[in-house]
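The values are calculated or read from the model by the stated rules, or taken from the named source; none is laboratory data. Keep in mind the model is a prediction, meaning the values are calculated, not measured. Neighbour counts run over all protein chains shown; Cβ positions are idealised from the backbone, glycine included.
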Amino acid sequence: MNARFLGIAELAETPSVAVVVDVMRAFTVAAWAFGQGAEKIVLAESLDEALALKARRPDWVALKDGALAPGFDTVNSPGLLRSVDLAGRTVVQKTTAGTVGALAVKEARLVLCAGFVVAEATARLLRTHECDSVTFVVTGEDGQADEDLACAQYIARRATGAGTNPGEFLRRADESRAATELREGVRQGVHPDDVALCLELDRFPFAMVAALEDSLMVLRPCAAPSPTDKASV
């Protein structure tokens, strides 16, 4: 498998297969939303679009980065979201990097959104599809976020079926600037457990697939295939 690791701004063309990585915290939060029973997540282009979607569908749950704001139900924190019952609900998510990265590759044939919490399921889905070339979108810090790059590199290695010790990759993420900022309270809308939850390897057994549905980019959980299952992309 030929793996490329690019920042959002480096995406000169639409890849066939893209894995969009945001460890701290968009796609850790998305995984927790599905873990709490959410049916789907709509990835909003802007805060205004998120609020407009929420206004049209008051039963939807809207969340954003930073402090809680009028019109939103909660914030982009796994520690806070894990106590919210989302059974059967639709979540609208707008974040600074993760949702932007997913929308940047919305025309790709296969779009996966990932963090460490769904790493193995994501790698297994890539193996099942026998992808020759995969573009990993490193969303944080203009493509320089080491927690996202470490996670992307780990998934890429696991996608080849190679035995890979996750310790070094998790250590890099734990020592990243994002982790430091979350611990030190530089960012708003943070729970003390957020970093630990973002580094909980393979917490969930599903991958997360994003696709266009009626002009909206919608993220859904996808059961990790068994090692013998195969598909083509």
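Which ones in segment 137-188 are surrounded by fewer than 23 Cβ atoms within 10 Å (Cβ to Cβ), closer than 22 Å to R124 by Cα, under 19 Å from the mean Cα position of the chain (by Cα) and not aliphatic (A, V, I, L, M)?
Of everything in segment 137-188, those that are surrounded by fewer than 23 Cβ atoms within 10 Å (Cβ to Cβ), closer than 22 Å to R124 by Cα, under 19 Å from the mean Cα position of the chain (by Cα) and not aliphatic (A, V, I, L, M) turn out to be Q153, R157, R158, P166.
Looking at A33 and the list (1) of a type outside the set (D, E); (2) in contact with a strand residue (DSSP E or B) (Cβ under 6 Å, 6 or more places away or on another chain); (3) not in a helix (DSSP H, G or I), which single condition is not satisfied?
The failed condition is (3).
In segment 48-75, how many residues are assigned to a helix (DSSP H, G or I), among the charged types (D, E, K, R) and touching a strand residue (DSSP E or B) at 6+ places or on another chain (Cβ under 6 Å)?
First, pick out the residues of segment 48-75 that are assigned to a helix (DSSP H, G or I): 48-56.
Among the residues that remain, those that are also among the charged types (D, E, K, R) are: 48-49, 54, 56.
Then drop every residue that is not touching a strand residue (DSSP E or B) at 6+ places or on another chain (Cβ under 6 Å), which leaves 54.
Summing the residues that are assigned to a helix (DSSP H, G or I), among the charged types (D, E, K, R) and touching a strand residue (DSSP E or B) at 6+ places or on another chain (Cβ under 6 Å) in segment 48-75 gives 1.
Listed here are the residues, each with its yes/no results for (1) of a type in the set (D, E); (2) modelled with pLDDT of 95 or more.
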residue: L81; (1), (2): no, yes
residue: V92; (1), (2): no, yes
residue: R127; (1), (2): no, no
residue: E130; (1), (2): yes, no
residue: A152; (1), (2): no, yes
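With the structure loaded, tell me whether R56 is surrounded by fewer than 21 Cβ atoms within 10 Å (Cβ to Cβ) and not hydrophobic (A, V, I, L, M, F, W, C) or whether it fails that test.
Working: surrounded by fewer than 21 Cβ atoms within 10 Å (Cβ to Cβ): yes; not hydrophobic (A, V, I, L, M, F, W, C): yes.
Judged against the criteria, R56 is a match.
Kindly state which strands (runs of 3 or more DSSP E) lie completely within segment 119-233 and contain at least 2 residues that are β-branched (V, I, T). It would help to see each step written out before you state the result.
On the way: elements: 133-138, 206-213, 216-223.
Qualifying strands (runs of 3 or more DSSP E): 133-138.
Could you tell me which residue of segment 108-120 is nearest to E45 (Cα to Cα), considering only residues that are surrounded by fewer than 24 Cβ atoms within 10 Å (Cβ to Cβ) and touching a strand residue (DSSP E or B) at 6+ places or on another chain (Cβ under 8 Å)? Full working, then the answer.
Within segment 108-120, the subset surrounded by fewer than 24 Cβ atoms within 10 Å (Cβ to Cβ) is 108-110, 120.
Of the ones still in play, those that are also touching a strand residue (DSSP E or B) at 6+ places or on another chain (Cβ under 8 Å) are 108-110.
Details: A108: 17, R109: 20, L110: 19 Å.
Of everything passing the filter in segment 108-120, A108 is nearest to E45 (Cα to Cα).
In contact with an Asp or Glu (Cβ under 7 Å, 6 or more places away or on another chain), farther than 14 Å from L219 by Cα and at pLDDT below 95 - does that describe any residue in segment 12-30?
Yes; the residues of segment 12-30 include at least one that is in contact with an Asp or Glu (Cβ under 7 Å, 6 or more places away or on another chain), farther than 14 Å from L219 by Cα and at pLDDT below 95.
Name the residues in segment 78-95 that are crowded, with 17+ Cβ neighbours inside 10 Å and under 15 Å from A38 (Cβ atoms), would you?
So in segment 78-95, the residues crowded, with 17+ Cβ neighbours inside 10 Å come out as 78-81, 84, 86, 89-95.
Selection gives P78, L80, L81, V84, L86, R89, T90, V91, V92, Q93.
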